[in-house]
């Protein structure tokens, strides 16, 4: 149970700090807000990787859990429960963020920027989420691989930095999700386009995770044993 609760806490922190930064900086209005938001998500992952990584592996993302499961390094039960607790953590974080914004709206620069929405067509958004998630999950699978030896100790840093890069690319197109839980929480409170387009931010990351798992199975050196 502790590893599931760790995933809840980790996803809560990621969603609150990442989406909270997007709201505070009104992400998208200028380059600084985009860079700041990208760094917030990446640094939140680094912080949580070294906080709960030894407990749950610090997935804090249903797409990562799916990728790990499809790579044969996680049971179906753990995968399902990880996803459930990740979504709960994201919803709780979104509720806290909503409370902060609704009680002092004058302090929030962009009240809707914490939720994902496609800037272009849904097809464009879906492609972006699939490709970016595939790249991100591939980094996670590789960085945490036992075949990496000593460099495995720096997995959290590599994953966090890669998430910053992915946000720098994707914010313009979708606000960058690559994480269904992180999108579900804010969408439930924002409603509107974020809720109508939520399927893109669930289907896209899951498809991307499956692609990453397939690529990893082809290029990994040795079969890893859990």
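Among the numbered criteria (1) more than 14 Å from residue 12 (Cβ to Cβ); (2) out of contact with any helix residue (DSSP H, G or I) (no Cβ under 6 Å at 6 or more places or on another chain); (3) without any contact (Cβ under 8 Å) to a residue 40 or more places away in the chain, which one does residue 99 miss? Going through the list (1) more than 14 Å from residue 12 (Cβ to Cβ); (2) out of contact with any helix residue (DSSP H, G or I) (no Cβ under 6 Å at 6 or more places or on another chain); (3) without any contact (Cβ under 8 Å) to a residue 40 or more places away in the chain, residue 99 breaks only (1).
For the range 63-82: of the residues being farther than 13 Å from residue 4 by Cα and part of a helix (DSSP H, G or I), which is farthest from the chain's Cα centre (by Cα)? If you could, list the steps in order and put the result at the bottom.
Initially, the range 63-82 is screened for residues farther than 13 Å from residue 4 by Cα, giving 63-64, 66-76.
Then keep just the ones that are part of a helix (DSSP H, G or I); that gives 63-64, 66-70, 76.
Details: 63: 8, 64: 8, 66: 12, 67: 13, 68: 14, 69: 17, 70: 18, 76: 20 Å.
Residue satisfying both the conditions and the ranking: 76.
Yes/no matrix, rows are residues, columns are (1) farther than 21 Å from residue 34 by Cβ; (2) out of contact with any strand residue (DSSP E or B) (no Cβ under 8 Å at 6 or more places or on another chain); (3) not in a helix (DSSP H, G or I):
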| position | (1), (2), (3) |
| --- | --- |
| 134 | yes, yes, no |
| 139 | no, yes, no |
| 161 | no, yes, no |
| 176 | no, yes, yes |
| 188 | yes, yes, no |
| 217 | yes, yes, no |
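If we scan the range 4-14, do we find a residue that is surrounded by fewer than 21 Cβ atoms within 10 Å (Cβ to Cβ) and without any contact (Cβ under 8 Å) to a residue 60 or more places away in the chain? No, the range 4-14 contains no residue that is surrounded by fewer than 21 Cβ atoms within 10 Å (Cβ to Cβ) and without any contact (Cβ under 8 Å) to a residue 60 or more places away in the chain. With respect to (1) surrounded by fewer than 23 Cβ atoms within 10 Å (Cβ to Cβ); (2) modelled with pLDDT under 95, the lone exception for residue 127 is condition (2).
Let me confirm something: among 36, 114, 53, which residue is in contact with a helix residue (DSSP H, G or I) (Cβ under 8 Å, 6 or more places away or on another chain), touching a residue at least 40 places away in the same chain (Cβ under 8 Å) and either assigned to a helix (DSSP H, G or I) or surrounded by fewer than 20 Cβ atoms within 10 Å (Cβ to Cβ) (or both)?
Values: 36 fails: touching a residue at least 40 places away in the same chain (Cβ under 8 Å); 114 fails: either assigned to a helix (DSSP H, G or I) or surrounded by fewer than 20 Cβ atoms within 10 Å (Cβ to Cβ) (or both).
None of the other options fit; the residue is 53.
Please state which one of 80, 72 is in contact with a helix residue (DSSP H, G or I) (Cβ under 9 Å, 6 or more places away or on another chain) and modelled with pLDDT under 95.
On the way: 80 fails: modelled with pLDDT under 95.
Answer to the check: 72.
Going by the conditions given, is residue 194 more than 15 Å from residue 70 (Cβ to Cβ), touching a residue at least 40 places away in the same chain (Cβ under 8 Å) and over 14 Å from the mean Cα position of the chain (by Cα)? Yes. Flag set for residue 122, criterion: farther than 20 Å from residue 13 by Cβ and in contact (Cβ under 8 Å) with a residue 40 or more places away in the chain.
Kindly indicate whether any position in the range 172-181 is surrounded by fewer than 21 Cβ atoms within 10 Å (Cβ to Cβ), modelled with pLDDT of 95 or more and out of contact with any helix residue (DSSP H, G or I) (no Cβ under 7 Å at 6 or more places or on another chain). Scanning the range 172-181 turns up no residue that is surrounded by fewer than 21 Cβ atoms within 10 Å (Cβ to Cβ), modelled with pLDDT of 95 or more and out of contact with any helix residue (DSSP H, G or I) (no Cβ under 7 Å at 6 or more places or on another chain).
Can you name every residue in the range 21-33 that is touching a helix residue (DSSP H, G or I) at 6+ places or on another chain (Cβ under 7 Å) and either surrounded by fewer than 22 Cβ atoms within 10 Å (Cβ to Cβ) or at pLDDT 95 or above (or both)? Explain how you work it out, then say what you get.
Within the range 21-33, the subset touching a helix residue (DSSP H, G or I) at 6+ places or on another chain (Cβ under 7 Å) is 21-23, 25-28, 33.
Within the range 21-33, 21, 25, 26, 28, 33 meet the criteria.
The values are calculated or read from the model by the stated rules, or taken from the named source; none is laboratory data. Please read these numbers as outputs of a predicted model, since none were measured by experiment. Note: ideal-geometry Cβ built from the backbone for every residue, glycine included; neighbour counts use all protein chains shown.
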